[in-house]
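Before any comments, here is the structure.
No value in this document is a laboratory result; all are computed from the given coordinates. These numbers were taken from a predicted model, which means no experiment stands behind them. Methodologically, a virtual Cβ is constructed for each residue, glycine included, from the backbone with ideal geometry; neighbour enumeration extends over all protein chains shown.
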Amino acid sequence: MRMVGVIFKREFQGYFATPVAVVFLFIFLVLCGIFTFELGGFFERGQADLLPFFQYLPWLFLFLIPAVAMRLWAEERRTGTIELLMTLPVTMMQAVLGKFLAAWAFLGLALALTLPLWITVNYLGDPDNGVVLASYVGALLMAGSYLAIGSCMSSVTKNQVIAFILGVVLCFVFVLVGLPGMLNFLSFLPDPILETLRSFSILDHFQATIVKGVIDVRDLVFFGTLIGAFLFMNAVIIELKKAD
Amino acid sequence: MIEIRNLSKHFGPIRAVDNVSFSVAQGEVLGFLGPNGAGKSTTMKMVTGFLTPSEGTALVCGHDVQKEPIEAKRKLGYLPEGAPLYPDMTPRRFLHWAASVRGMPKAEGARRVAEVVERVQLGNVLDQRMETLSKGFKRRVGLAQAILHDPPVLVLDEPTDGLDPNQKHEVRSLIREMSREKAIVLSTHILEEVDAVCSRVILIARGKLLVDEAPREMLARSRYHNAVTVHVRGDSGEELERAVAEVATVERSDGGDSQEGLAQYTLFPRNGQPILPQVSERLAGLEVVDIHVEGGRLDEVFRNLTTADSESRS
C-alpha cells in the first residue's frame, strides 16, 4: 500500500508539472457552467436542486475523462519509461492502482471545484442536501468507471489519440446500453437479455443515485465491479505487451 | 550474482535470444558485445524482469526474476537502453522519487541522492525539466537512478552512448570503482571500452552466444595478436620480407603511401608466438625508425566472428 502511495504521489504531482491540468480544470468548469445554466435551464426550472448539472455530467465526462486517462499508460510507452517503472521493485497492481487513484483524485478535485454550484443552490433555495451529496458520490463513482475504462484503453497503445478514441467509444457503449432509444431498438431481444444489458449501463446506475438520492448497494457493487474488472484487464494487457 | 540458464526469447518466428547461458560473479565487469539486433538488449530486459523469457531462467542474487520479481529487482540497478526518463520531472524530484520507491527513509534518500549527484556530476541541472536535458545528462540521470540504492548487481545498457570523451572517461572510472563489490553487466558498441573496463567479454550475434572469455583471450584471436609493426626509411619492402621470412609474413600497412619517406609494414608471426626478439635481430641492415608490438584488434575479431557466423548460415 505504501508503494501505491509513492506511485500516486508522482502521478498526481505530474498533473501540475505542466499547465495542462489547469487548462483541463478550466474547460471542465466552463462546460459545467454552460450545461447547467444554459442547456439545463438552472434558473428557469425554478427548483432548488442540482439536477441540471448532474444530468449532463455523464456526457461531459464521456469526453473529458478519456482525455485524462489517455496519457496514463500510453505516455509511459511512448517515452519508454514503462521499462523503468516495471523494473523497479513495484508490482503491476501497485503501479496500475497508483496511477488510477492519482487520476481519480484529480477528477475528484475537478468535481470539488463545482461546489460553488451547491453553495449557490443553498443560497437561492432550500435543496435536499442529502440528494446532492449522493449525487456527488455517484458522480465520483461514475468518473472512476470511465477512468478505469480509459486507463485500460490507454494501456493498449503508445498513441494517446488512439487511446482517447478507444476510451470514448468504449465508455459510450456503457452509456448507450441504458438509453431508452437503444433499448427500444433492441426490443426484439428477449427480456432477460435486455435487462442484463441495461444493468451494464453506467447511465442507468448513475441516474438511479442522482434521482433517488440513495446510493444503493447494487449501484456500488456495479461501479466497484466495473472499476475492478477494467483495472484488472489493464494490468493483464500491460503484462502481456510490455515491450511493444 | 547473476546466473542465466538456457535463456531464449522468441518474437513470433524470430529467435531474438537463443539458448544463452552465462553467469557473472562479484567483482566482474561483463561486457556485452554484438551487432545491432543481436539480442543484447533483449537479454538484459529478461535479466531485469521487463521481458518474460520464452524459455530458461534468470537469477539475480539467487532470486528467480520470474518467480520472485520484487526481491530480484531490489538487488538490481538498471539503466535501460536509451535511458528513458519522465520528461516533465526534474532530476531532483525523479531521484528522490526513485529513493522512495526503493524504500529509503527520507533522510537516507536525501543523503544517497546527494551522493550519486556528486558522483555523476548532475549538480548544475538538478532543477531542469528532464526533457530539456542533453543526451549526456539524461544518460547520467539514468545512471544515477541505477546506482542510487547501491545494488549488488548493475545492468547497464550502453552506459556511455552519447557521452563526450571526458564523460565517457568519468563513467568508465565510476564503473571500475564500483566493480569490486558488484557484479556489473554492460553492453556497448565501443570496443575500446571493453578493453578499458571489462574483465570478461560476451559476444552475441543472432541471439546466440559466440564467445565468453577475457578481453585478453579475445584479443589473442586477432590476426594482429603479437604482430610487429615497423616504420622503415626508404622503399625496402622486399629486403624486409627476405630478412624476416623465417618467422613472419610481411604486409604493407600504410596503404602503399609512404609519409616523409617512411613506409609502414606489419609483420605477422608464422606461429602466433611473440617475434619481437627474432625480428629486431634480423632488421640490422635496415633503417628502422619505429617498431612496436600489436596486442590485437578487437574490431577485427568482432567482424570475423559476427560475419563468419552469418556466412555459415546463408
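Of note:
- Acute angle (nearest 10 degrees) that the helix B:135-147 long axis makes with the longest principal axis of chain B, alpha-carbon atoms: 60 degrees
- Highest to lowest packing among B:62-73, B:104-115, A:119-130, scored as the average C-beta count within 10 Å: B:62-73, B:104-115, A:119-130
- Prolate/oblate/rounded label for region B:133-248 (Cα gyration tensor, a/c 1.5): prolate
- For chain B, share of DSSP beta bridges that run antiparallel, in % to the nearest 5: 70 percent
- Within straight-line cross-link reach of B:K9, lysines at Cα separation under 25 Å, skipping those fewer than 8 residues along the same chain: A:K158, A:K241, A:K242, B:K40, B:K45, B:K67, B:K73, B:K75, B:K208
- Projecting the Cα atoms of A:W73, A:F28, A:F100 onto the charge dipole of region A:1-141 (Cβ charges, centred on the Cα centre) puts A:W73 farthest toward the positive pole.
- Trypsin sites (Lys or Arg not before Pro) restricted to DSSP loop in region A:161-244 with at most 12 other C-beta within 10 Å: A:K241
- Three-way shape call for region A:59-187 based on the alpha-carbon gyration tensor, with the a/c threshold at 1.5: oblate
- Pairwise centroid distance, computed over Cα atoms, of region B:87-165 with region A:194-222, Å: 48 Å
- Taking every residue in A:11-22 and counting other chain Cβ atoms within 10 Å of its Cβ, the average works out to 2.
- Mean Cα-pair separation over length for chain B, i.e. relative contact order, pairs under 8 Å, 6 or more apart, %: 20 percent
- Whole-Hz Karplus values for region B:187-203 come out as 10, 7, 9, 8, 6, 4, 4, 4, 5, 6, 10, 8, 9, 8, 10, 10, 10 Hz, taken residue by residue from phi with 6.51 cos²θ - 1.76 cosθ + 1.60 and θ = phi - 60°; glycine and proline positions read x.
- Global form of chain B, assessed from the alpha-carbon gyration tensor, a/c cut-off 1.5: prolate
- D by Stokes-Einstein for region A:1-72, Kirkwood Rh over Cα pairs, 25 °C, 0.890 mPa s: 173 µm²/s.
- 10 Å Cβ neighbours from other chains, averaged over peptide A:61-71: 0
- For a label point 7 Å along the Cα-to-beta-carbon line of A:F200, residues of region A:131-173 with backbone N under 13 Å: A:170-173
- Between A:K9 and A:L133, residue separation times 0.36 nm minus the direct Cα-Cα distance comes to 41.9 nm.
- Counting beta carbons within 10 Å around each of A:W73, B:W97 and listing the fewest first gives the order B:W97, A:W73.
- Euclidean distance of C-alpha centroids, region A:1-67 and region A:144-167, integer Å: 18 Å
- Averaged over peptide A:76-86, the number of partner chain Cβ atoms lying within 10 Å of each residue's Cβ comes to 6.
- Cα centroid separation, region B:204-227 to region B:233-281 (Å): 25 Å
- The HN-Hα couplings worked out from phi for region B:12-18 by the Karplus form 6.51 cos²θ - 1.76 cosθ + 1.60 (θ = phi - 60°) are x, x, 7, 9, 6, 9, 10 Hz, whole numbers, x standing for Gly and Pro.
- The calculated 222 nm mean residue ellipticity attributable to helices in chain B amounts to -10500 deg cm²/dmol, summing -39500 (n - 2.57) over DSSP H runs of n ≥ 4 and dividing by all residues.
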